[in-house]
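This report concerns only the one structure given below.
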Amino acid sequence: MRAYKDSGSLNTSLHVYSAAGCGSDTAFLTLTVYPLPVLDMGTKRVTILEGGQIKLNPAFVYGNNLSYLWTPSSFLSSDTAYSPVSRPVDDIRYTFTVTGEGGCSVSDTIFIKVLKSPEIPNAFSPNGDGINDTWDIKYLESYPGATVDVFNRYGQIVFRSFGYNRPWDGRSQGQVLPIGTYYYIINPKNGKPIYTGSITIIR
């Protein structure tokens, strides 16, 4: 067996002879070595807003008589197109496989992060019983540049956060706030609208 470092049409020969060194013969044959496809997805991670779509477009693909396959096929306009459209509802990682002549294939991946709309509760009970002790805003952690401002009925800020890695526990400067209704302004940034409303502290 011989491995060739390059592709193309290659002339080969096979010389056969007996153990005594006689009765020899030579066969000539032209072989085709197919090239290995080349693939570069370029961007490895992209972010889209919930309900949006993105066209998956590899940065560079090279080869002869190529076929394409995206896996998984979830949320795709086509899993065999070169550049399909994805409308994901959740985070997903796609593998793009390019297969050329001779069955040789290469693969690369891309991850899509879906920024979902924050789910904002209208009440919580910071009483230490382990149930709803903090104002847990689902999906807001996906927006690292978000700002959260909470005001009392007099318009005074009682809580402010840049990002929301640590949910609000109903305190202001370390002091427990009284039960009642407070008002918030949440700016997720990154293309999402500003959210305003009220939050009630109960105990």
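Within segment 120-138, the set of residues being aliphatic (A, V, I, L, M) and under 32 Å from the mean Cα position of the chain (by Cα) comprises Ile120, Ile137. Scanning segment 51-62 for residues that are within 15 Å of Met41 (Cβ to Cβ) and either free of Cβ contacts under 8 Å to residues at least 40 places away in the same chain or not in a loop (DSSP other than H, G, I, E, B) (or both) turns up Ile54, Lys55, Asn57, Ala59, Phe60, Val61, Tyr62.
Scanning segment 164-203 for residues that are more than 34 Å from the chain's Cα centre (by Cα), among the polar types (S, T, N, Q) and buried (at least 16 other Cβ atoms within 10 Å of the Cβ) yields a count of 1. If you go through segment 70-101 one residue at a time, how many are part of a loop (DSSP other than H, G, I, E, B) and free of Cβ contacts under 8 Å to residues at least 40 places away in the same chain? Number satisfying all stated conditions: 16. For segment 96-110, check the following and say yes or no: at least one residue is surrounded by fewer than 13 Cβ atoms within 10 Å (Cβ to Cβ), under 30 Å from Pro167 (Cα atoms) and not β-branched (Val, Ile, Thr). Scanning segment 96-110, I find no residue that is surrounded by fewer than 13 Cβ atoms within 10 Å (Cβ to Cβ), under 30 Å from Pro167 (Cα atoms) and not β-branched (Val, Ile, Thr), so the answer is no.
Tell me, which residue of segment 111-155 that is of a type in the set (S, T, N, Q) and closer than 30 Å to Gly51 by Cβ is surrounded by the fewest Cβ atoms within 10 Å (Cβ to Cβ)? If we take residues in segment 111-155 being of a type in the set (S, T, N, Q) and closer than 30 Å to Gly51 by Cβ, then Asn122 is surrounded by the fewest Cβ atoms within 10 Å (Cβ to Cβ). Per the conditions (1) over 30 Å from Trp70 (Cβ atoms); (2) of a type in the set (S, T, N, Q); (3) under 23 Å from the mean Cα position of the chain (by Cα), the sole criterion not satisfied by Gln156 is (3).
Pairs linking a residue in segment 140-164 that is in contact (Cβ under 8 Å) with a residue 40 or more places away in the chain to a residue that is of a type outside the set (D, E, K, R) and assigned to a helix (DSSP H, G or I), with Cβ atoms under 6 Å and 6 or more positions apart or on different chains, are Ala146/Leu140. Across segment 78-95, the number of residues qualifying as among the hydroxyl-bearing types (Ser, Thr, Tyr), closer than 21 Å to Glu50 by Cα and surrounded by 15 or more Cβ atoms within 10 Å (Cβ to Cβ) comes to 2.
Has segment 140-149 got any residue that is within 21 Å of Asp91 (Cα to Cα) and either assigned by TED's automatic domain parsing to the domain that holds Thr47 or among the hydroxyl-bearing types (Ser, Thr, Tyr) (or both)? Yes, segment 140-149 contains a residue that is within 21 Å of Asp91 (Cα to Cα) and either assigned by TED's automatic domain parsing to the domain that holds Thr47 or among the hydroxyl-bearing types (Ser, Thr, Tyr) (or both).
The values are calculated or read from the model by the stated rules, or taken from the named source; none is laboratory data. This structure is a prediction, so every number in the text was calculated from the model and none was measured. Backbone-built Cβ (ideal geometry, glycine too); neighbour counts: all protein chains shown.
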